[in-house]
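What follows is a set of notes on a single structure, which appears directly below.
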Ligand SMILES: [Zn+2]
């Protein structure tokens with residue numbers, strides 16, 4: 001694509017690096033920002049820089065947070081005895097959007113995948129075990145809400161083995177979630193039912 005200005009070309013190239021955005025859409029966005037009030041661009045730029053520099057990961061559950069402890073972990077309205085284990089923040093948001101779960105979360109940061117070189121040490125599994133071990137936290141149930149893929153199953157199995165000696169109930173979401181599908185693409189009704197219909201984990 002030919003651009004009338006190197007500055008537009010640079011902006012288009014950067015915007016088009018975002019997922020799901022092609023060069024045409026990027027050009028439309030760049031031209032839109034040029035036409036809009038200059039303050040608009042400043043606000044957008046500031047929000048992106050703040051996103052990168054100020055967000056942190058919750059020291060309890062590894063959810064994205066504005067403070068050392070996230071809003072869910074610090075809420076007095078959540079059931080602190082139930083912890084739902086998810087692969088990433090996208091899955092956490094998907095489950096939150098079902099409004100069917102009122103416990104806490106633990107974000108693993110991925111699933112075990114020998115093919116992609118992801119081992120248990122690359123994930124937030126030790127901190128999950130430590131949460132369960134800490135009797136003052138009084139965690140009674142761990143819900144494994146991982147994708148119904150081989151990697152998700154391997155990870156569930158690994159965590160279950162690690163938690164075998166602790167007095168905690170381990171459940172897994174009901175497989176209303178299509179086999180082989182990613183949790184984040186599952187519709188909210190199916191996902192909500194899967195949480196409600198969870199059952200004891202067995203291997
Ligand atoms: Zn948290």
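The values are calculated or read from the model by the stated rules, or taken from the named source; none is laboratory data. All values reported here derive from a predicted model rather than from experimental measurement. Here the Cβ positions follow ideal geometry from the backbone for every residue, glycine too, while neighbour counts run over all protein chains shown.
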I'd like to verify a number: residues in the range 158-179 that are in a helix (DSSP H, G or I) and either in contact (Cβ under 8 Å) with a residue 12 or more places away in the chain or at positive phi (or both), how many? 4
Reported set for the range 55-78 where residues are within 14 Å of the chain's Cα centre (by Cα) and in a helix (DSSP H, G or I) is 72
For the range 96-139, name all the residues that are in a helix (DSSP H, G or I), closer than 22 Å to residue 167 by Cβ and without any contact (Cβ under 8 Å) to a residue 24 or more places away in the chain. 126, 130, 135, 136
Filter the range 91-110 for residues that are under 16 Å from residue 124 (Cα atoms) and either within 12 Å of the ligand (Cβ to nearest atom) or exposed (fewer than 15 other Cβ atoms within 10 Å of the Cβ) (or both) and give the result. 92, 104, 105, 106, 107
Looking at the range 29-46, which of its residues are under 30 Å from the mean Cα position of the chain (by Cα) and closer than 18 Å to residue 1 by Cα? 29, 30
Name the residues in the range 79-91 that are part of a helix (DSSP H, G or I) and out of contact with any helix residue (DSSP H, G or I) (no Cβ under 8 Å at 6 or more places or on another chain), would you? 89
All but one of (1) away from the ligand (no atom under 16 Å from the Cβ); (2) closer than 27 Å to residue 154 by Cα; (3) within 19 Å of the chain's Cα centre (by Cα); (4) not in a loop (DSSP other than H, G, I, E, B) hold for residue 52, so report the exception by its number. (2)
With the requirement that a residue be under 29 Å from residue 181 (Cα atoms) and either within 9 Å of the ligand (Cβ to nearest atom) or exposed (fewer than 12 other Cβ atoms within 10 Å of the Cβ) (or both), what does the range 72-90 give you? 72, 73
Given the conditions (1) in a loop (DSSP other than H, G, I, E, B); (2) modelled with pLDDT of 95 or more; (3) over 22 Å from residue 69 (Cβ atoms), which single one is not true for residue 155? (1)
